[in-house]
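The values are calculated or read from the model by the stated rules, or taken from the named source; none is laboratory data. This is a predicted model, so every value here is computed, not measured. Note that each Cβ is placed from the backbone with ideal geometry, even for glycine, and that neighbours are counted across all protein chains shown. SASA here: full protein model, heavy atoms, side chains in, ligands and nucleic acids out. Shrake-Rupley method; radii C 1.70, N 1.55, O 1.52, S 1.80 Å.
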Amino acid sequence: MLVLIKLLGSLALLMFGMKSMSEALQKMAGPQLRHVLGAMTTNRFTGMLTGMLVTASVQSSTATTVMTVSFVNAGLLTLAQAISVIMGANIGTTLTAWIMSAGMSFDISMVSYAGFFLGIILIYMKSHRYIGDFLFGLGLLLLGLTTLRLTGAEMDLGHNETVLNFFASFDPDSFLTTLIFLFLGGVLTFCVQSSAAVMAITMILCSSGALPIYQGIALVMGENIGTTVTSNLAALSANTQARRAALAHMFFNVFGVIWILFVFRPFIDAVCGLVGYDVTMAKDAVSSEAFLANAAKLTFVLAAFHTCFNVANTFILIWFIPQIERFVCWVIKSKKVDEEEDFRLHFITAGFMKTPELSVFEAQKEIQNFSKRMHRMFQMVRDLLELSTSVSAKSKDNDAEFNKLFSRIEKYEGISDNMELEIANYLNSVSDSHLSDDTKGKIRAMLREISELESIGDACQKMARTISRKYNAKQDHFNEKQYEHLHQMMELTDQSLTQMNKLIVGRKDSFDVNRTFNIENEINNYRNQLKSQNIVDVNNHEYTYAVGTIYMDLINECEKLGDYVVNVVEARMGIR
């Protein structure tokens, strides 16, 4: 029982160390990695290379997948480019197996203690705390590997008759045995949600001499499939492109496993020869020391197989990326959803929220969509005003068109409420994670942005209701001068919304914030001018007081909407 607890604890150390390393690296280089992904995927080969380097850097294929799906959603990457990046990510993630094989073969405890010592110093030095987090995570990873190695030696599985008899019960030459271990590897990976943990267990079993190499590699192949099942389940709640990317990932690994099964033993024998492992060495034919020394090479055989498998599979499939793209698009078809009835978030996917630093990018894309919706909603209000002043305003056809447009505006207001709530909940869940100060500041700004965007929706709804109230009451029309003033005010407001969308979609450093402030000053001055003029016109009996009140309600609501736009711009620019 004590040995079992040590085994489970060392696996937990290993998994937590990898998680800490990955998160620290993403905090240090998250935005830069996104720029690299966007800039270095001009063709399938650079995309593959980029996916490999990024995954090797952050030690997380999940992080690379999340970034890739984000770019596909944003239209910065095609699905074909994303598939090439995912292929590279499969190669990059094999670096983990090499680190583990080194940890299983050598005493690296001193390196882990040095990592702890340097890490804790840098953590307390705030300017370098992310490097400290990385070193501390590395120390935990190496300590977990060291403890695993020692625990494996203590268990002495190579002389445990129960374990040996269990594995001996499987016919090593049977194809069914390979399929059974393949299935076991997939199930174990799916259950523990970590291919690294299952790889570590496989290395312990193989290096102790308890598990033959062919069954061990069958477990590794199962791990490759198991990790894709996890990502596909996570993508069930995601959008179409995310599910296609996850399916492409599964197709890549399943196809690789299928063709490897046809050349199973020759391929493994070639890898063993590359590493220097003698496949034919029998336990009874040589001394115990020679057998264990040969078995110790098995950790490197597993790491080498993992790398050779993914490299060979990528070399085969990289020429067929267009066909893979067509296949996943055929399997997962786009759903045509009525925009007015679509309350789902398009870019944020809860199933993929495993890398908080990168989730902020997803939220930013959703805010861009939110902002565009609010601009369209204001344009609908302008159209509603046009319908209310139509020469055929008394006709039944015009009534039907007016009511239909007014209902759309009401639905948009409901959508804006839902979007604010869902994005806010998402950002709050992201903020519960350990984030960099820069990312925390971005989240605060984004929460302010969505609040102001929802206020824009409220202002549009109030204007629509004011227009509807006047239309249905069949009151006197605005005079020609009032219409002209309303159109001028709405044009200024529309310019303000256009500038806001330019900022949210584009880059802050190229945005002229003074343009927004100048438009806001024009709106304020024009509102004040019209307010004074309205009093004079009512006193001169150019129109009734009731008409003047509705007229000024629309003018004032435009001015408030302009204020909300300025608040969004200030939040985005980091202006207090």
If His541 satisfies all but one of (1) more than 47 Å from the chain's Cα centre (by Cα); (2) assigned to a helix (DSSP H, G or I), what's the number of the condition it fails?
(2)
Only one of (1) under 30 Å from Arg149 (Cβ atoms); (2) open to solvent by 10 Å² or more (accessible area, probe 1.4 Å); (3) at pLDDT 75 or above; (4) not hydrophobic (A, V, I, L, M, F, W, C) fails for Gln81. Which number is that?
(1)
For Tyr564, are the conditions met, namely being at pLDDT 90 or above, of a type in the set (Phe, Trp, Tyr), open to solvent by less than 80 Å² (accessible area, probe 1.4 Å) and closer than 22 Å to Ile450 by Cβ?
yes
Restricting attention to region 504-556, which residues are β-branched (Val, Ile, Thr) and under 29 Å from Ala445 (Cα atoms)?
Ile504, Val505, Val513, Thr516, Ile519, Ile523, Ile555
What's the total number of residues in region 43-59 that are at pLDDT below 80 and open to solvent by less than 20 Å² (accessible area, probe 1.4 Å)?
3
Quick one: count up the residues across region 166-186 that are part of a helix (DSSP H, G or I), open to solvent by 30 Å² or more (accessible area, probe 1.4 Å) and at pLDDT below 85.
3
Among the residues of region 495-510, are any modelled with pLDDT under 90 and hydroxyl-bearing (Ser, Thr, Tyr)?
yes
Those residues of region 188-233 which are assigned to a helix (DSSP H, G or I), open to solvent by 30 Å² or more (accessible area, probe 1.4 Å), within 21 Å of Gly144 (Cβ to Cβ) and among the polar types (S, T, N, Q), in sequence order
Ser195, Ser207, Thr227
Looking at region 535-558 only, could you name the residues that are open to solvent by 10 Å² or more (accessible area, probe 1.4 Å) and touching a residue at least 60 places away in the same chain (Cβ under 8 Å)?
Glu542, Tyr543, Thr544, Ala546, Ile550, Asp553, Glu557
Here are Val391, Val360, Val337: which of them is modelled with pLDDT under 90, open to solvent by less than 20 Å² (accessible area, probe 1.4 Å) and either on the phi < 0 side of the Ramachandran plot or aliphatic (A, V, I, L, M) (or both)?
Val360
Out of region 416-430, which residues are surrounded by 16 or more Cβ atoms within 10 Å (Cβ to Cβ) and either at positive phi or not charged (D, E, K, R) (or both)?
Ser416, Met419, Ile423, Ala424, Tyr426, Leu427, Val430
Selection from region 475-523 of residues exposed (fewer than 14 other Cβ atoms within 10 Å of the Cβ) and in contact with a Ser or Thr (Cβ under 7 Å, 6 or more places away or on another chain) yields Asp476
Residues in region 491-514 that are more than 21 Å from Asn556 (Cα to Cα) and more than 28 Å from the chain's Cα centre (by Cα) total 3
Return only the number of the condition from (1) touching a residue at least 12 places away in the same chain (Cβ under 8 Å); (2) more than 20 Å from Leu13 (Cα to Cα) that Leu176 does not satisfy.
(1)
Residue count, region 452-489 (criterion: at negative phi and not in a helix (DSSP H, G or I)):
6
